[in-house]
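The next block holds one structure in the form of structure tokens; read it before the comments.
Laboratory data are not the source of any read-out in this text; all were calculated from the coordinates shown. Predicted model, so just to flag it, every value in this text is computed and none were measured. So basically every Cβ, Gly included, is an ideal-geometry build from the backbone, and we count neighbours across all protein chains shown.
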Amino acid sequence: MSPRRSRRLDPFDRGGNRGASRPVGGSVPGVDRIEEWPDGDWRVRRVTGAGTDKVYRCPGCDQEIRAGLPHLVSWPAWPGGEDERRHWHTACWRNRVKRGPGRSRY
Ligand SMILES: [Zn+2]
């Protein structure tokens with residue numbers, strides 16, 4: 001009785017590099033992406049909220065974003081937009097345009 005025997009028939013049981021650790025892409029902190037909205041293009045950055053005890057106020061619901069809560073930061077994707085950074089609850093950002101006309105973007 002040899003449980004190892006079947007492994008010799010496994011065509012994938014070679015090439016020791018499979019599954020080796022390598023840099024993980026796609027979830028690198030601090031990477032921005034552009035989102036297109038009816039009111040223009042916005043840069044959006046996801047932040048984990050970890051590592052800070054700073055509390056932000058969400059402009060969508062006017063409630064605090066608790067320290068350590070994952071949320072996002074957005075600002076207009078046009079020159080100078082970096083000065084307009086706002087911290088948002090993720091859900092509030094998604095619902096932003098549903099608040100209707102006549103409201104401030106912020
Ligand atoms: Zn909110």
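Footprinting exposure proxy ranking of R94, R43, R33, fewest other C-beta atoms within 10 angstrom first, gives R33, R94, R43. When I34, I65 are arranged by Cβ crowding within 10 Å, least crowded first, meaning fewest neighbours, the order is I34, I65. Applying 0.36 nm per residue to the separation of D53 and E36 and subtracting their alpha-carbon distance, the gain on full extension is 3.0 nm.
Between amide H atoms placed 1.01 Å from N, distances below 5 Å from L72 occur with V47, W88, T90, all of them 5 or more places distant or on a separate chain.
Given axes a ≥ b ≥ c from the Cα gyration tensor, I'd like to know whether region 31-106 is rounded (a/c under 1.5), prolate (a/b larger than b/c) or oblate.
Oblate, because a/c is 1.5 or more while a/b does not exceed b/c.
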